[in-house]
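The values are calculated or read from the model by the stated rules, or taken from the named source; none is laboratory data. If you're wondering where the values come from, they're calculated on a predicted model, not measured in any experiment. Virtual Cβ from ideal backbone geometry, glycine too; neighbours counted across all protein chains shown. Protein only, heavy atoms only, side chains kept; ligands, DNA and RNA dropped before computing areas. Shrake-Rupley method; radii C 1.70, N 1.55, O 1.52, S 1.80 Å.
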Amino acid sequence: MNNIRKHIELYGQVQGIGFRPFVYRLAEEFSLSGFVYNHTQGVVIEIQGEKKNADEFIERLKLAEREELPLLKIISMDIASANPVEKENSFEIRQSQTEGQISALVTPDMATCGDCLAELFDENDFRYRYPFINCTNCGPRYSIIKTIPYDRPNITMAVFPMCGKCKGQYENVKDRRFHAQPVACPACGPKITLCDNKGNVIEEDSNQAIKKTAQLLLEGEIAAIKGLGGFHLACDAENDAAVNNLRQRKMRDYKPFAMMAADIDTIRQFAYVDKVSEKILRSIQSPVVLLPKKESNTITSSVAQGVNTFGFMLPYVPLHHLLFAEKKFKALVMTSGNISDEPLICKDDAAFENLAGIADIFLIYNREIYRQVDDSVVHIICGEPVLLRRSRGFVPQAFIFKNEVKDEIFAAGADLKNTFCFVKQNRFVVSEHIGDMAEASVYKHWLNSIEHLKNLFQAEPSIFVCDMHPNYFTSQYAKKIAKEKKLIEVQHHWAHIASVLAEHNINKKVIGLVADGTGYGTDGAIWGCECLLASLDDFERFGHLAYYTLTGGDLGAKQAIRPIMGLMGKYNLSVPPDILESIEPDGEKIKAITMQIEKNINAVQTSSLGRLFDAAGALCGLGNSNDFEAQIPMALEAVVDKNINEYYPFELVNTEVHIGKMIEMILKDRKSGMDISIISAKFHNTTAQFFLGLAKRAKEQTGIKTVAISGGVFCNRYLLTRLIELLKDNGFEVLYNRLVPSNDGGISLGQAAIAANSI
Ligand SMILES: [Zn+2]
Ligand SMILES: [Zn+2]
């Protein structure tokens with residue numbers, strides 16, 4: 001015999017996506033013997049047979065990522081020759097090996113696939129209407145895995161012994177459920193229960209529980225629904241009383257709610273869905289997609305006030321599909337099941353304890369969600385999906401870079417919209433959205449999540465990265481655990497720009513334009529509107545918005561009167577009394593703020609663009625305080641008249657932007673009764689123009705033609721789109737965030753990239 005034998009090791013996203021059955025079928029097709037097994041770093045394959053067949057097998061393996069298994073991500077494939085084995089006449093899938101270095105990738109949770117959906121509504125299928133139907137192409141993953149490798153004993157399905165039928169499929173290599181770890185059916189798997197808000201069972205039969213829930217939602221009740229990564233609070237989005245009820249009980253007055261509708265056609269009744277949005281809505285990640293509202297729609301206005309978009313997602317677990325199949329409502333509000341800014345709730349007992357005052361009914365099931373994962377949020381910029389929150393469906397998919405990093409890295413991220421990042425070998429694993437550290441429960445959840453991800457990826461970081469801000473909880477923690485190990489402190493806005501460079505896998509000097517709320521600057525001031533010259537190696541500050549005084553600490557980001565008074569002081573302007581009174585009727589308070597500015601008490605110097613947006617919005621009569629982050633700026637964006645190309649005058653003094661004239665003109669336009677849609681457009685356009693001005697000046701002095709854009713204020717679609725177009729029209733190459741948010745959710749990747757580059 002001329003048999004040859006090959007030993008193949010694969011790394012990447014290779015587990016939990018139906019890879020081993022695929023390899024088995026492929027080996028059969030080419031009459032090869034040998035074996036395949038998952039080990040802690042990836043997958044090992046040995047094949048034996050005719051050389052021609054073995055070569056073709058390997059070719060097909062390389063193509064699988066593009067053709068047969070879209071979820072497969074091979075980072076590297078090592079192929080070595082081995083000595084042929086005698087008396088081996090079959091190919092087998094072997095038990096997972098747990099020894100060795102554990103760094104195999106865990107896959108994200110995936111929306112129900114088309115095959116499972118067809119079975120779900122097929123009366124002849126034994127999983128007909130079974131709310132936990134899944135297969136190797138879909139279902140829970142990251143949210144149910146306790147430790148690696150990804151096998152039944154290590155997931156929260158371990159407590160459900162498979163019945164004969166399920167086991168048969170699980171063990172049948174020809175089946176779509178071959179080694180599908182969460183496989184289950186009505187006879188052996190988890191069940192749905194409907195309870196009242198005291199935990200008393202209303203309905204124990206899964207199907208009846210779902211039908212009853214749909215009926216009660218139609219009647220205006222609020223339901224806590226256990227989903228894939230945690231609980232949602234749900235109510236009928238067309239029912240004004242129900243939505244207002246939810247707002248009152250959740251004590252969330254204004255922040256827009258996300259919604260779910262049965263299908264794209266239904267969403268189209270409320271919002272505009274272009275081709276790209278449709279593709280993203282239907283993707284296995286199934287995120288919330290921000291879509292332009294239709295002028296007239298039947299969603300009750302309190303769902304999303306002060307914004308011009310609706311956030312919609314499609315059903316992504318069988319339970320959602322079954323609920324919508326009842327056809328009782330067109331769209332449900334599906335907002336995170338948590339209290340104010342605390343972490344998403346994923347455990348039943350915590351849900352009853354915390355959400356009983358909000359939800360009337362609880363639709364739960366007896367399988368544990370091990371890790372909470374929020375819904376991801378996407379919007380469309382220049383025809384491409386851009387992530388605003390990277391969580392369910394995306395995490396823990398690693399960013400994979402060509403070069404291996406010698407040391408392991410932990411990047412702590414920022415204090416707001418936190419994510420953190422582990423770097424191991426050539427993989428950058430950015431955590432799910434964690435939240436804002438000011439909330440003690442979020443900080444606790446953060447520590448917990450760090451431990452979990454560290455365990456999943458067996459990370460042993462020797463380099464720690466954090467923000468320069470001395471008061472960040474994340475920085476203090478990083479400093480504490482770094483001890484004698486290497487600690488790198490990275491300036492906030494440099495990290496923003498580095499996140500763009502990392503995403504695009506480049507390291508060269510670029511013009512970095514940052515539009516942000518706050519970030520600690522190297523001079524101790526609070527930066528926020530910056531033009532940097534930056535690479536992963538270093539950065540310098542080229543230009544910025546001229547400093548103004550901001551008082552009141554954290555209140556400065558809430559009360560628009562504070563940046564307004566700071567800007568008035570800076571430019572020697574005064575707000576007409578009627579406008580001033582509408583923003584802050586308390587004259588004493590204004591006096592106190594003025595005094596604080598003059599005497600520099602509880603005051604900082606800032607170039608914050610976010611606060612300038614607060615000021616402009618308030619001067620346009622769009623609100624006096626941010627009840628949630630960026631409420632006023634979002635309202636200002638929502639009213640923009642996109643047909644206006646004019647902008648206000650501003651001055652570029654060397655590399656410092658002075659906006660006194662713009663503010664003067666805004667006040668003038670307000671006084672003359674100009675429509676705020678025009679004022680808002682002119683304001684946004686001015687911002688884009690002064691960024692362009694800075695970029696041009698930087699190009700003149702350095703010859704750099706590539707601009708990287710990042711920062712929280714660039715979640716503003718109008719501003720970002722306008723600036724990208726302006727820069728391109730002026731001959732710049734423009735890079736911006738797509739895979740991680742341009743807000744602080746992207747900071748950890750930027751920090752990690754800077755640290756990795758420094759080794
Ligand atoms: Zn499936
Ligand atoms: Zn079963």
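A quick yes/no check of all residues on (1) among the hydrophobic types (A, V, I, L, M, F, W, C); (2) closer than 22 Å to A630 by Cα:
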{"position": "L233", "(1), (2)": "yes, no"}
{"position": "A237", "(1), (2)": "yes, no"}
{"position": "R247", "(1), (2)": "no, yes"}
{"position": "M260", "(1), (2)": "yes, no"}
{"position": "Q269", "(1), (2)": "no, no"}
{"position": "Y272", "(1), (2)": "no, no"}
{"position": "R282", "(1), (2)": "no, no"}
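Quick check on D586: is it free of Cβ contacts under 8 Å to residues at least 12 places away in the same chain and either within 27 Å of S680 (Cα to Cα) or open to solvent by less than 30 Å² (accessible area, probe 1.4 Å) (or both)?
The answer is yes for D586.
Scan region 389-404 and report the pairs whose first residue is touching a residue at least 24 places away in the same chain (Cβ under 8 Å) and on the phi > 0 side of the Ramachandran plot and whose second residue is surrounded by 22 or more Cβ atoms within 10 Å (Cβ to Cβ) and of a type in the set (D, E), with Cβ atoms within less than 9 Å and a gap of 6+ or a chain change.
Going by the 9 Å Cβ cut-off, the qualifying pairs are G393/D109; G393/D375.
One residue is enough: does region 656-665 have a residue meeting the conditions touching a residue at least 40 places away in the same chain (Cβ under 8 Å), crowded, with 19+ Cβ neighbours inside 10 Å and touching a strand residue (DSSP E or B) at 6+ places or on another chain (Cβ under 9 Å)?
Yes: region 656-665 contains one or more residues that are touching a residue at least 40 places away in the same chain (Cβ under 8 Å), crowded, with 19+ Cβ neighbours inside 10 Å and touching a strand residue (DSSP E or B) at 6+ places or on another chain (Cβ under 9 Å).
Suppose we keep only residues that are crowded, with 18+ Cβ neighbours inside 10 Å and hydroxyl-bearing (S, T, Y) within region 147-165. Which one would you say is nearest to ligand 1 (Cβ to nearest atom)?
Once the filter is applied, the top-ranked residue is Y150.
What tally of residues in region 177-196 results from selecting those that are modelled with pLDDT of 95 or more, open to solvent by 10 Å² or more (accessible area, probe 1.4 Å) and either within 16 Å of ligand 1 (Cβ to nearest atom) or not basic (K, R) (or both)?
The qualifying residues number 5.
Output yes when any residue across region 329-337 is part of a loop (DSSP other than H, G, I, E, B) and more than 27 Å from P741 (Cβ to Cβ), and no when none is.
For region 329-337, residues part of a loop (DSSP other than H, G, I, E, B) and more than 27 Å from P741 (Cβ to Cβ): present.
Inside region 514-524, can you point out the residues that are farther than 12 Å from V713 by Cα and either in a strand (DSSP E or B) or open to solvent by 10 Å² or more (accessible area, probe 1.4 Å) (or both)?
Hits for region 514-524 are G519, Y520, T522, D523, G524.
Just to verify a result, which residue in region 111-127, among those that are in a helix (DSSP H, G or I) and within 16 Å of ligand 2 (Cβ to nearest atom), is surrounded by the most Cβ atoms within 10 Å (Cβ to Cβ)?
Checked region 111-127; the qualifying residue surrounded by the most Cβ atoms within 10 Å (Cβ to Cβ) is C116.
Here's a check for you: in region 372-388, which residue that is assigned to a loop (DSSP other than H, G, I, E, B) and of a type in the set (A, V, I, L, M, F, W, C) is least open to solvent (accessible area, probe 1.4 Å)?
Looking at residues that are assigned to a loop (DSSP other than H, G, I, E, B) and of a type in the set (A, V, I, L, M, F, W, C), I get V373.
Could you tell me which residue of region 107-121 is farthest from ligand 1 (Cβ to nearest atom), considering only residues that are touching a residue at least 24 places away in the same chain (Cβ under 8 Å), farther than 11 Å from R141 by Cα and out of contact with any strand residue (DSSP E or B) (no Cβ under 6 Å at 6 or more places or on another chain)?
F121
For region 587-596, check the following and say yes or no: at least one residue is at pLDDT 95 or above, of a type in the set (D, E) and more than 39 Å from the chain's Cα centre (by Cα).
So far as region 587-596 goes, yes, one or more of its residues are at pLDDT 95 or above, of a type in the set (D, E) and more than 39 Å from the chain's Cα centre (by Cα).
Quick one: would you say D554 is surrounded by fewer than 24 Cβ atoms within 10 Å (Cβ to Cβ), part of a helix (DSSP H, G or I) and under 27 Å from the mean Cα position of the chain (by Cα)?
In short, yes.
Are any residues in region 166-176 away from ligand 1 (no atom under 16 Å from the Cβ) and either hydrophobic (A, V, I, L, M, F, W, C) or within 29 Å of the chain's Cα centre (by Cα) (or both), and if so, which ones?
V173
Answer with yes or no whether G189 is out of contact with any helix residue (DSSP H, G or I) (no Cβ under 6 Å at 6 or more places or on another chain), within 16 Å of ligand 2 (Cβ to nearest atom) and over 14 Å from E368 (Cβ atoms).
no
Would you confirm, using the coordinates I've provided, whether S391 is at pLDDT 95 or above and either in a helix (DSSP H, G or I) or open to solvent by 20 Å² or more (accessible area, probe 1.4 Å) (or both)?
Criteria not met by S391.
I'd like to check something: does region 734-743 contain any residue that is touching a strand residue (DSSP E or B) at 6+ places or on another chain (Cβ under 6 Å), at pLDDT 95 or above and hydrophobic (A, V, I, L, M, F, W, C)?
Yes: region 734-743 contains one or more residues that are touching a strand residue (DSSP E or B) at 6+ places or on another chain (Cβ under 6 Å), at pLDDT 95 or above and hydrophobic (A, V, I, L, M, F, W, C).
For residues that are under 18 Å from G227 (Cβ atoms) and either small (G, A, S) or without any contact (Cβ under 8 Å) to a residue 40 or more places away in the chain (or both), scanning just region 129-154, find the one that is nearest to ligand 2 (Cβ to nearest atom).
Ranking the candidates gives G139 first.
Does L749 qualify as being touching a residue at least 12 places away in the same chain (Cβ under 8 Å), open to solvent by less than 10 Å² (accessible area, probe 1.4 Å) and either closer than 27 Å to Q285 by Cα or in contact with a strand residue (DSSP E or B) (Cβ under 8 Å, 6 or more places away or on another chain) (or both)?
yes
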